[in-house]
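All remarks here apply to the structure that follows.
The values are calculated or read from the model by the stated rules, or taken from the named source; none is laboratory data. Here the structure is a predicted model, which is why all the values come from computation and not from measurement. Positions of Cβ are generated from backbone atoms using ideal geometry, with glycine treated the same way; all protein chains shown enter the neighbour counts. With ligands, DNA and RNA removed, areas are computed over all heavy atoms of the protein, side chains included. Shrake-Rupley method; radii C 1.70, N 1.55, O 1.52, S 1.80 Å.
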Amino acid sequence: MDETGISIVQEPGNILAPKGHKRVGSITSWERGKNVTVICTISASGSYIPPVFIFPRKRMDNKLTRNGPPGALYECSKNGWTNDEIFLSWLKHFSNYCKPTAEKPVLLIFDNHGSHITLAAFQYCRDNYIVMLSLPPHSSHRIQPLDVTFFGPLKAAYGRECDCFMKSKAMVKINPYDLSEIFNKAYSNVACIQKGVLGFSAT
C-alpha cells in the first residue's frame with residue numbers, strides 16, 4: 001500500500017499549435033488547490049483493494065463520494081493526510097477484502113510513515129493475521145511497486161480525464177465533489193492485472 005496526492009488543479013497535457021506561435025495557452029481548473037490523499041493497494045497477482053480518499057476538511061459530505069470507485073472508503077482530516085485513526089480504519093478496510101486467516105496470513109508492505117507504525121496498528125495486524133513489512137526510508141522510489149509502475153500512469157490518466165471533464169462542461173471549474181468521479185475513470189483505465197505483476201517483478 002502507498003499514498004499519493006491528487007488535486008483539482010490538473011497539469012494540462014500537450015498542446016498542438018501552428019509553428020511559429022510563441023504564445024500558446026491552455027486552461028487549468030484553478031490556480032491553487034488542496035491535495036486529496038488517495039491510498040492505493042495492489043498485490044503481486046495484480047488484484048486491487050478499493051482505494052481510500054482522505055479529504056482536507058473537518059466533516060464528511062456524501063456528495064464527495066458521488067460516482068467514485070466501487071467499494072472505496074472516504075475519510076477526512078484537517079490537512080488531508082493520513083493519521084493514526086485513518087490508517088487503522090484502512091487496515092479494517094484492507095482486512096475485509098483480503099480476509100487473512102491463521103492458515104493464510106497476508107504480507108502487507110508499506111513505508112514507515114509515523115501513522116503506519118503505531119501500537120494500535122501493530123496489535124490489529126497481529127490479531128488479524130497481517131504480517132507488517134516496512135520499507136527502509138528513502139527507498140520507495142526504487143522498491144515500492146506502486147511508485148515504480150502505477151502512480152505515474154495513474155496521474156497522467158487523471159490529468160487527461162480532468163482535461164476532458166472541463167472541455168465537456170464548457171470550461172466549468174472542477175470542484176472537490178467532482179474529484180471521485182474523475183479519479184474513478186482514470187483508475188478504471190489504469191488498474192489492470194499487468195500493472196500489479198510488473199510492479200512487483202520490477203522491484
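Once the whole set of protein chains is in place, how much accessible area is left on Phe165, using a 1.4 Å probe, in Å² to the nearest 10?
Rounded to the nearest 10, that gives 30 Å².
Starting from the Cα gyration tensor of the range 55-96, take the square roots of the eigenvalues, sort them a ≥ b ≥ c, and report rounded, prolate or oblate (rounded when a/c is under 1.5, otherwise prolate if a/b is larger than b/c, else oblate).
oblate
Distance check, please: which entries in Lys34/Lys78; Lys92/Lys155; Lys155/Lys185; Lys58/Lys173 exceed 18 angstrom between their Cα atoms?
Lys92/Lys155; Lys58/Lys173
Just the number, please: carbon plus sulfur as a percent of the accessible area of the range 99-166, 1.4 Å probe, no ligands or DNA/RNA counted.
It is 61 percent, rounded to a whole number.
What residue among Val190, Val106, Val36 shows peak mean-square fluctuation when the chain is described by a Gaussian network model with Cα springs under 10 Å?
Answer for the Gaussian network model of the chain: Val106.
Starting from the Cα of Ser115, step 7 Å along the direction of its Cβ; do the same at Leu133; then give the gap between the two resulting points in nm.
Taking the simple label geometry, Ser115 and Leu133 are separated by 2.4 nm.
I'd like the Karplus ³J(HN,Hα) series for the range 189-200: coefficients 6.51, -1.76, 1.60, θ = phi - 60°, whole numbers in Hz, and an x wherever there's a Gly or Pro.
6, 9, 6, 10, 4, 4, 4, x, 4, 5, x, 6
Treating the beta-carbon of each Lys and Arg as +1 and of each Asp and Glu as -1, no other charges, what is the dipole magnitude of the chain about its Cα centre, to the nearest 20 debye?
In total the dipole reaches around 780 debye.
Under a Cβ-only charge scheme (Lys and Arg +1, Asp and Glu -1), can you give me the dipole magnitude of the range 86-181 about the Cα centre, in debye to the nearest 20?
100 debye
Among (1) 1.43; (2) 1.89; (3) 1.11, only one was calculated for this model; which label is it, if the read-out is Cα Rg over 2.2 N^0.38 Å?
Of the labelled values, this structure produces (3).
Given the options Gly196, Asn79, Ala156, identify the residue whose Cα lies farthest towards the positive end of the charge dipole of the chain (+1 on Cβ of Lys, Arg; -1 on Cβ of Asp, Glu).
Looking along the dipole axis, the top candidate is Ala156.
I'd like the distance separating the alpha-carbon centroids of the range 40-83 and the range 144-203, in whole Å.
For the range 40-83 versus the range 144-203, the Cα centre distance is 14 Å.
So which residue, out of Gly68, Gly80, Gly46, gets the largest mean-square fluctuation from a GNM of the chain using Cα contacts under 10 Å as springs?
For the chain, modelled as a Gaussian network with Cα springs under 10 Å, the answer is Gly46.
Accessible area per residue of the chain at 1.4 Å probe, in Å²?
Per residue, the chain has 58 Å² of solvent-accessible surface.
If you count only protein heavy atoms and use a 1.4 Å probe, how large is the accessible surface of Phe200, to the nearest 10 Å²?
Approximately 70 Å² of Phe200 is accessible to the 1.4 Å probe.
Considering the chain as a Gaussian network with a 10 Å cut-off on Cα pairs, which listed residue, Lys22, Lys167, Lys63, attains the greatest mean-square fluctuation?
Lys22
To the nearest 10 square angstrom, how much accessible area does Ser45 have with a 1.4 angstrom probe?
80 Å²
What do you reckon, how do Arg66, Arg126, Arg59 stack up by accessible area (1.4 Å probe), largest on top?
Descending order: Arg59, Arg126, Arg66.
With a point put 7 Å past each Cα toward its Cβ, work out how far Tyr97 is from Ser47 in nm, to one decimal.
Calculated label separation equals 1.1 nm.
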